[in-house]
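What follows is a single structure, written as structure tokens, with notes after it.
The values are calculated or read from the model by the stated rules, or taken from the named source; none is laboratory data. From a predicted model like this one, the values you see are computed outputs, not experimental measurements. Glycine also receives a Cβ, built like all others from the backbone with ideal geometry; neighbour counts cover every protein chain displayed. Quick note on the areas: whole protein, heavy atoms, side chains included, nothing else; ligands and nucleic acids left out. Shrake-Rupley method; radii C 1.70, N 1.55, O 1.52, S 1.80 Å.
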Amino acid sequence: MTQIGFRQAWLGLSVVSCLVVCPVQAESIKIAFIDPLSGPGAAIGEGGLKHFRYAAEQVNLHGGANGKTFEIVPFDNKNNPQEGLVAAQKAIDDGVRFIVQGNSSAVGLALSDFVLKHNKRNPEREVLYLNYSANDPVLTNEKCHFWHFRFDANTDIKMAALTNYVKAQSGIKKVYLLNQDYSFGQSFRARARTMLTEKRPDIEIVGDELHPFLKVTDFSPYAAKIKASGADTILTGNWGQDLALLLKAAAEAGLQANWYTYYAGGVGAPTAIRQANLPDRVFEIIEEIPNSAPAEFQAYETDFRAKNGGMSIWLPRVVNQLRMLAKAISEAKTENVRKVAEKLEDMKFPGVGGGEVWMRNEDHQAFQPIYVGSFGPLKAGEKFDEEGTGWGWRQVGAVDGKDTVLPTTCKMERP
């Protein structure tokens, strides 16, 4: 691919006139990053911040957005909805008009409602909430609104892909569900039960439990119950320390089972999987797998790791999100959030892992190819390990973007 062709694909812009990195004006477009930077969720929040800063740097190197650079401004919400609202108000008072958040659907729901009410009261200071990982389906169903866009597949979409893969695994007989006790974990649990029953009625659900969110420091009792149940498979939406500590406890209990997850690529989880000695027994639903990604993105991955202490891109949707935002601002020729939102609606964009990302205008839910990854010792030709373990992710399944589309109950009112 030529250099100019690569930039066209990279940004999805219709015209790229420069043959070298385009000059960018000094003025910046501020984006508030509102996620946990202290407390139990800090490692995940800090990792997310690194993703956004690097993705913004790459957008800026490729011409920015309408001739301006992106600037990521971090705010610590301590993984608390009320703290998130305080941070959002401070960001708005500081002149920020674009807010990104992803860790915790409880925070996401509070933030979404806040943005909707703020925009109704302050039409001259409207803001956009760009959601990269708060996955409760309600955000693009009953609670949908014009000012919220979700760039990650929601829980229902991911569960449909996950259970389609599980359906074909004849060795799965007994499943244990263990999830965090808040909106996302509750949604994961409910949809898992429904879809497993529909697709594999022969599977026995031998346990279904919720635990306090980011408060458990010893998962030994849970690991013991799972082992005693005879489960051959665990389905969990756990993330952050709740997943890493759960896997650690499983290793200490000698629990040998298959794990199906959404977030096993996050900070600490790969190390815990390796320590638990579970080769090719932990699976993850994700929109890009480094060892199976296109060559252009593998180069991006290599550079990201070199600049971020070996951390992998476990939030590839962040790359898509900032590229799509840059395209929308450039096409709108303004940072007016209403006009930018109109450009994001129905946008089609080349995804980082291959295939196309498109934003459904009815509910502002993004759709894209979804992959099932398995984690184990690197094989010949695989160059990306995780957290220095010598193990890496490889693709074992895929769902085309068009096959991830689920109906919505959204009744969006446009301003």
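Observations
- The residue of segment 267-281 that is farthest from I370 (Cα to Cα), among those that are assigned to a loop (DSSP other than H, G, I, E, B) and open to solvent by 10 Å² or more (accessible area, probe 1.4 Å), is N277.
Condition check ((1) open to solvent by 10 Å² or more (accessible area, probe 1.4 Å); (2) of a type in the set (A, V, I, L, M); (3) in contact with a Leu (Cβ under 6 Å, 6 or more places away or on another chain)) across all residues:
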| site | (1), (2), (3) |
| --- | --- |
| G254 | yes, no, no |
| A257 | no, yes, no |
| T261 | no, no, no |
| D303 | yes, no, no |
| A332 | yes, yes, no |
| E345 | yes, no, no |
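- With respect to being in a strand (DSSP E or B) and buried (at least 24 other Cβ atoms within 10 Å of the Cβ), F75 falls outside the description.
- Checking each residue in segment 227-240 for being part of a loop (DSSP other than H, G, I, E, B) and among the polar types (S, T, N, Q) picks out only N238.
- Positions within segment 88-113 being open to solvent by 10 Å² or more (accessible area, probe 1.4 Å) and part of a helix (DSSP H, G or I), in sequence order: Q89, K90, D93, A106, L109, A110, D113
- Qualifying residue in segment 241-257 (condition: within 23 Å of A190 (Cα to Cα) and either part of a strand (DSSP E or B) or among the aromatic types (F, W, Y) (or both)): no
- Of all residues in segment 389-415, those that are surrounded by 15 or more Cβ atoms within 10 Å (Cβ to Cβ) and of a type in the set (F, W, Y) have Cβ atoms under 6 Å from Cβ atoms of residues that are modelled with pLDDT under 95 and in a loop (DSSP other than H, G, I, E, B), 6 or more apart or on another chain, in W393/I289.
- Screening the candidates A190, A224 for the property of being touching a residue at least 12 places away in the same chain (Cβ under 8 Å), surrounded by fewer than 18 Cβ atoms within 10 Å (Cβ to Cβ) and in a helix (DSSP H, G or I) yields one hit, A224.
- Picking from residues in segment 347-367 that are open to solvent by less than 20 Å² (accessible area, probe 1.4 Å) and among the hydrophobic types (A, V, I, L, M, F, W, C), the one that is nearest to I157 (Cα to Cα) is F367.
- Residue in segment 333-341 that is of a type in the set (G, A, S), at pLDDT 95 or above and part of a strand (DSSP E or B) present: no
- Candidate set: segment 39-69, residues that are within 20 Å of the chain's Cα centre (by Cα) and not in a helix (DSSP H, G or I); chosen: the one surrounded by the most Cβ atoms within 10 Å (Cβ to Cβ): G41
- The C-beta contact set for segment 291-306 (first residue under 17 Å from N320 (Cβ atoms) and without any contact (Cβ under 8 Å) to a residue 12 or more places away in the chain, second residue open to solvent by 30 Å² or more (accessible area, probe 1.4 Å) and not acidic (D, E), distance under 6 angstrom, 6+ apart or interchain) is empty.
- When residues of segment 193-221 are limited to those that are in contact with a Lys or Arg (Cβ under 9 Å, 6 or more places away or on another chain) and part of a strand (DSSP E or B), the one least open to solvent (accessible area, probe 1.4 Å): G207
- Condition check for V138: at pLDDT 95 or above and in contact with a Lys or Arg (Cβ under 8 Å, 6 or more places away or on another chain): no
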